[in-house]
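Let me begin by handing over the structure; questions about it come next.
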Amino acid sequence: MDPRRDADPARLARARDEVLVENRALIRGVERRAFLGRGLSLGALAMLTGCSVGDVTYVPAVHRFLRRVSSWNDRVQAALFDPTRLAPTYTDAEVARPPRFNAFYPIDRAPRIKPADYTLELSGRIENKRPLRLDDLRRMPQETQITRHICIEGWSYVGKWTGVPLRTFFERVGADTTAKYVRFVCADTYFGSLDMATALHPQTQLALKYDDAELEAPFGFPMRVRVATKLGFKSPKHVVAIEVTNRLPKPGFWERTGYNWFSGI
Ligand SMILES: Nc1nc2c(c(=O)[nH]1)N[C@H]1C(S)=C(S)[C@@H](COP(=O)(O)O)O[C@H]1N2
Ligand SMILES: [Mo]
């Protein structure tokens, strides 16, 4: 969703400043590694803050150039990723209630999935591909995190998510964690992928709860991925299929518009 549509400029500016101050490390990291050059880093900042992306993305030559930098940069970022560095955590009092919604459609169009109908399909380099039910996920070990969800459009919120660490999930289903990528498909046709190092990061989880209650429909019910070390678009909601693969999955919704695939610290 375009944040300019639903926010007055002063509020947007305040929100943006807050995001910039609180997430200086993440944004600097993304910016520095994404666009190694002064002129381009301004463009990166514009993208991160959701203002005037037009100048950058709609000029085809510039766009093509950024894409090339960006795909080279994905490899650099993956090499720089520190699998033990944790994203900042917050206190219970800071948790946003309710969370802030975003998707490529308005909130009333979010998929409504009945728990009894839900199955999670597994494919690729996974030993036990038996489709899982919601109860199977609920029975796996759960962890809770309070971390900040940062949307590339220039806003953020502190959230409290509970779910199965993806690393634990992979152990349970016998996933080949030496494979390179993990691909996710969502009930609303959204899809995306992660590098394996990020998938195995201690704060990456298959979240079933927000603020100690079942996820609400628009926020990813019954299961969403939660990746604390990456921008919000890398945390797919309503996940219905997981594939472990060595082939780089095709770019997701936001990546097709030019955002960096790695998009994290
Ligand atoms: N299935 C699905 N997952 C999605 C999206 C989406 O449109 N569909 N949008 C992404 C983006 S851009 C953001 S910022 C977050 C929004 O999550 P929220 O509604 O909890 O804020 O979900 C991400 N995951
Ligand atoms: Mo986002």
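The values are calculated or read from the model by the stated rules, or taken from the named source; none is laboratory data. In this text, all values refer to a predicted model and were calculated from it rather than measured experimentally. Heads up: the accessible areas ignore ligands, DNA and RNA and are worked out on the full protein's heavy atoms, side chains in. Shrake-Rupley method; radii C 1.70, N 1.55, O 1.52, S 1.80 Å.
Which distance in Å, rounded to a whole number, links the C-alpha centroids of segment 197-240 and segment 111-136?
That distance is 15 Å.
Could you tell me what fraction of 2.2 N^0.38 Å the Cα radius of gyration of segment 129-265 comes to, as a two-decimal ratio?
0.97
Just read off the accessible area of Arg130 with the full protein assembly in place, 1.4 Å probe, to the nearest 10 Å².
Surface accessible to solvent at Arg130 totals approximately 130 Å².
I would also like to ask the following. Once the whole set of protein chains is in place, how much accessible area is left on Lys180, using a 1.4 Å probe, in Å² to the nearest 10?
Its accessible surface works out to 120 Å², give or take rounding.
Another question, if that's okay. Filter the cross-link list Lys129/Lys234; Lys114/Lys230; Lys209/Lys250; Lys114/Lys180 down to pairs whose alpha-carbon distance in this structure exceeds 27 Å.
Checking Cα-Cα distances, Lys114/Lys230; Lys209/Lys250; Lys114/Lys180 exceed 27 Å.
Just subtract the alpha-carbon distance of Glu121 and Ala197 from 0.36 nm times their residue separation and send over the number in nm, one decimal.
25.2 nm
Just want to confirm a number: the relative contact order over segment 147-265, from Cα pairs under 8 angstrom separated by 6+ residues, in percent.
31
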